[in-house]
Structure formats: structure tokens, C-alpha cells
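So the structure is just underneath, and the comments pick up after that.
The values are calculated or read from the model by the stated rules, or taken from the named source; none is laboratory data. All figures in this text were calculated on a predicted structure; none of them were measured in a lab. Every residue, glycine as well, gets a Cβ built from its backbone with ideal geometry; the counts of neighbours run over all protein chains shown.
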Amino acid sequence: MLRSPLDEIRHRCEHPSSRPAPARDVIELPPIDGRGEVWAAGVTYRRSREARIAESQASADVYARVYDAERPELFFKSASWRVVGPGEPIAIRSDSRIDVPEPELALILNASGETVGYSICNDVSSRDIEGENPLYLPQAKTYLGSCALGPVVRPAWEIEDPYALGIAMSITRDGKPVWSGQTNTSLLHRRYDDLVNHLLRDNLFPDGVALSTGTCLVPGLDTTLQAGDLVEIVIDGIGTLANRVVRGTETLNWLAAERQPRPPRA
């Protein structure tokens, strides 16, 4: 669908050719597939800038400079087949000590680079690995099970103001709250069209791309995810993305086998 122009996508959404299937007969998958990719922006909120400076052991000034730089920080987050959807497990690395979820508004772009909708991305990250050296960013950010996307794509024409969306996140362990926070996209330091413009420079996304726009909710260095934790992210007008945490990626091999067999939902 993301190969199509925005006008065609809107027409197909507003004039479906078939009736929706009953919810009980549907398995919810991440809203990206084929050759689709997920990219992410960093240091787009002041809180993210402060957190990256605090965790950095070597080059804190790098993050201070990129916050106000003309060119934003953009990095590859995940191929479509590595992305998990609602109710599926997210992973923390077996060789990390401080791991956090990062709740982010994701722009869903078609092959032409038009923003056709919005979704929720959990940009799971290893803070200690990233903090050791900025060049370790790919290992801290890009690994099996480090990206959750969903639960739906809310069409762009149904969101009146994407710069005024409330975001909330909570971490629950053994049924008890561990961490929670709230913020709003009005605090974004960058503009969406600027992030998209830089992403599309000398790049092609024939099956579309999800661009996660950065986080303003970062747990402190004294908070780390543990296996079994439940992470819930809520964004106004989109819904709730909920995922349990596993340590290591041995239980996620099903992602490489065309998502079969699918693990039971928590």
C-alpha cells in the first residue's frame, strides 16, 4: 500500500473494497513489511539531549552540538522483518547493563516520501553501550527485537495537529509500577518536514519507511529494563503499544522465518 500516492491511499481507506475482518480473526502485525525500513531521529527534544550528555563517557559535546545543528541526527533502526508488533516481545541485549524503552511518534511515509500516517515506535536502546562511545550507536540501537511499531497507522488526514499529541509511557514489573512519565510533541525541537527532507536526500524507500521522531521521555540511569517487564506507550489519537521484555534474542528467531511460528501473546 505504501507504494501508492497519498491520494490513492486515502481513497482506499475511505472507500474500502471489502468489509473488515472480525478482530478475533486478525493477528496484528507491525505496520511495515516488504522492503520497508524503520529509521529514527536522535536528540530532537531537550530531554533527549540532556540524557545523551549524561550517559556519555567520552564525547558529551557531540550531543550538545547536534541538538542545534542544521543537519539532524538520523540513523537506521530496523529492517521490516526485525520489527515486532503489539503484544510481541521486545529484547534487551545480553551484553548490556542499562536498557531503556524510548517512546516516539513515528511518521509513516510512502514511496514518494509523503507522510500518510502516524504510529508509535519503541526505540529500545542500551544506554551504557551507547555511552561508552558514540560509534557504538548501531550496537546500542539496532539489533533483533530492538524496535516495536504499532498498534495501527492513524491516517495523516485524521490528525489535526501532530505537534500537539500527548505521549505517556509506563514500565510495570510483577504487576507493580516501576517508572512512568508524560510529555507532548509540542516540545519537539525539530520540524517533521525537515527530518523527512534529510532522510530522503539521496535515498529511496520503494516500500515506504517509518521515521521515528525522537523521544522526550528517558528513564534515569538508575532505571533499567528487566526480563518480564511490561512497557506500555500511549500517544493521543493513535492508541497503546504494549510489549513484554526478554533478555537476549534466542527467543526471537521466529522473526527470521517469515514470522512463523508466532509466540503466544502476553
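When Tyr163 is tested against (1) within 24 Å of Arg97 (Cα to Cα); (2) free of Cβ contacts under 8 Å to residues at least 60 places away in the same chain, only condition (1) is not met. Of the residues Asp207, Asp222, the single one that is without any contact (Cβ under 8 Å) to a residue 12 or more places away in the chain and either assigned to a loop (DSSP other than H, G, I, E, B) or touching a Ser or Thr at 6+ places or on another chain (Cβ under 9 Å) (or both) is Asp222.
Summed over the stretch 1-55, residues that are within 19 Å of Asp68 (Cα to Cα), modelled with pLDDT under 90 and of a type in the set (Ser, Thr, Tyr) total 2. Of all residues in the stretch 198-215, exactly one satisfies the criterion of being surrounded by 16 or more Cβ atoms within 10 Å (Cβ to Cβ), out of contact with any Asp or Glu (no Cβ under 8 Å at 6 or more places or on another chain) and on the phi > 0 side of the Ramachandran plot, namely Gly208.
The set of residues in the stretch 111-152 that are touching a strand residue (DSSP E or B) at 6+ places or on another chain (Cβ under 7 Å), aliphatic (A, V, I, L, M) and either more than 12 Å from Ile235 (Cα to Cα) or outside any strand (DSSP E or B) (or both) comprises Val116, Val124, Leu137, Ala140, Leu144, Ala148, Leu149.
Of the residues making up the stretch 171-192, at least one is in contact (Cβ under 8 Å) with a residue 12 or more places away in the chain, outside any strand (DSSP E or B), buried (at least 18 other Cβ atoms within 10 Å of the Cβ) and not β-branched (Val, Ile, Thr). Scanning the stretch 229-245 for residues that are more than 14 Å from the chain's Cα centre (by Cα) and either within 17 Å of Ile98 (Cβ to Cβ) or modelled with pLDDT under 95 (or both) yields a total of 2. Just one residue in the set Asn197, Asn122, Asn110 is over 22 Å from Asp229 (Cα atoms), in contact (Cβ under 8 Å) with a residue 12 or more places away in the chain and polar (S, T, N, Q); that residue is Asn110.
Restricting the first member to the stretch 225-254 and to residues that are more than 24 Å from Tyr118 (Cα to Cα), and the second to residues that are surrounded by fewer than 19 Cβ atoms within 10 Å (Cβ to Cβ) and hydroxyl-bearing (Ser, Thr, Tyr), the beta-carbon pairs closer than 8 Å and six or more apart or on different chains are Asp229/Thr172; Arg247/Ser94; Gly248/Ser94; Thr249/Ser94. If you check Ala156, Ala168, Ala164 for being surrounded by fewer than 19 Cβ atoms within 10 Å (Cβ to Cβ), closer than 30 Å to Leu6 by Cα and under 15 Å from the mean Cα position of the chain (by Cα), only one passes: Ala168. Taking the criterion of being of a type in the set (A, V, I, L, M, F, W, C) and over 14 Å from Gly87 (Cβ atoms), the residues of the stretch 215-249 that qualify are Cys216, Leu217, Val218, Leu221, Leu225, Ala227, Val234, Ile235, Ile238.
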